[in-house]
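**Student:** I have a structure I would like to understand better, so I am pasting it below and will then ask my questions one at a time.
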Amino acid sequence: MKLSHSPRRLLSTLTLALLTLISLSAQAEDPVYKVEILVFANQDPAALQEQVWRSLDVPQLAGAAELGNGGNGAYQRLPDNNLVLTAEKNRLSRQQGFRTLFHSAWYQPVSNENNSRPVHLRGGQLMPNGAYELDGYITIDRNRLLHLRPDLYYTSTQSDGTLLTATINTPRSLEANEIHYLDHPLFGVLVLIQR
């Protein structure tokens, strides 16, 4: 049987293929970041009355990561002694009208926008319909900068028993290792992403 390639050309082709596989493998391993999120409600009666509430349904995103309580692996809630925003949480709790809905940190790989995975967040009290006051998703992706894509819903029971919802869903570019604040008159989010 006659080979169409010389041994040198075959070796060159195999080397190129191997380098391509190594390059693809390196790209497939996304960097891991520590993400810490603190969400709090503003229960000031003036803010509650002045804002426009809506009847919104929280979407359910297939493939979203659910946070576990298993320690240091990806998407596992870290112990409280790993939380950096504790002083901010304590400061808010001392101010009248503010209440923490969610505070946790976890590690997660962060890839580009097409491959990013949303993380499902729930917190606060259970509502009469069985849902949590806070429900929604945080998606983080990166190219040159980190990008945070929140889709968070804060639900309140009105005096007549109806459930009305406010949302934070404006994307934002972030720098790692800096505290960022997402503002809404009815609830706020502090975000810290560390490498």
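**Student:** Tell me which strands (runs of 3 or more DSSP E) are completely within the stretch 98-181 and hold 2 or more residues being among the polar types (S, T, N, Q), or say none if there are none.
**Tutor:** The strands (runs of 3 or more DSSP E) meeting that bar are 98-109, 146-157, 163-168.
**Student:** Looking at the stretch 72-96, which of the residues that are part of a loop (DSSP other than H, G, I, E, B) and aliphatic (A, V, I, L, M) is farthest from residue 178 (Cα to Cα)?
**Tutor:** Among residues in the stretch 72-96 that are part of a loop (DSSP other than H, G, I, E, B) and aliphatic (A, V, I, L, M), the one farthest from residue 178 (Cα to Cα) is 78.
**Student:** For the stretch 39-95, which positions are exposed (fewer than 15 other Cβ atoms within 10 Å of the Cβ) and acidic (Asp, Glu)?
**Tutor:** If the condition is that a residue be exposed (fewer than 15 other Cβ atoms within 10 Å of the Cβ) and acidic (Asp, Glu), then 50, 57, 66, 80 are the ones that fit.
**Student:** Same structure, new question: Filter the stretch 141-171 for residues that are surrounded by fewer than 16 Cβ atoms within 10 Å (Cβ to Cβ) and either free of Cβ contacts under 8 Å to residues at least 24 places away in the same chain or under 22 Å from residue 109 (Cα atoms) (or both) and give the result.
**Tutor:** 143, 144, 145, 159, 160, 169, 170, 171 - these are the residues of the stretch 141-171 that are surrounded by fewer than 16 Cβ atoms within 10 Å (Cβ to Cβ) and either free of Cβ contacts under 8 Å to residues at least 24 places away in the same chain or under 22 Å from residue 109 (Cα atoms) (or both).
**Student:** So, in the stretch 125-167, exactly how many residues are modelled with pLDDT under 95 and of a type in the set (Val, Ile, Thr)?
**Tutor:** Number satisfying all stated conditions: 5.
**Student:** Does the stretch 107-123 contain any residue that is closer than 28 Å to residue 73 by Cβ and β-branched (Val, Ile, Thr)?
**Tutor:** Taking every residue of the stretch 107-123 in turn, at least one turns out to be closer than 28 Å to residue 73 by Cβ and β-branched (Val, Ile, Thr).
**Student:** Right, another one. So which residues in the stretch 40-71 are in contact with a strand residue (DSSP E or B) (Cβ under 7 Å, 6 or more places away or on another chain), in a loop (DSSP other than H, G, I, E, B) and of a type in the set (A, V, I, L, M), if there are any at all?
**Tutor:** 56, 58, 61, 64, 67
The values are calculated or read from the model by the stated rules, or taken from the named source; none is laboratory data. Predicted, not measured: the structure shown is a model, and the values here were computed from it. Virtual Cβ from ideal backbone geometry, glycine too; neighbours counted across all protein chains shown.
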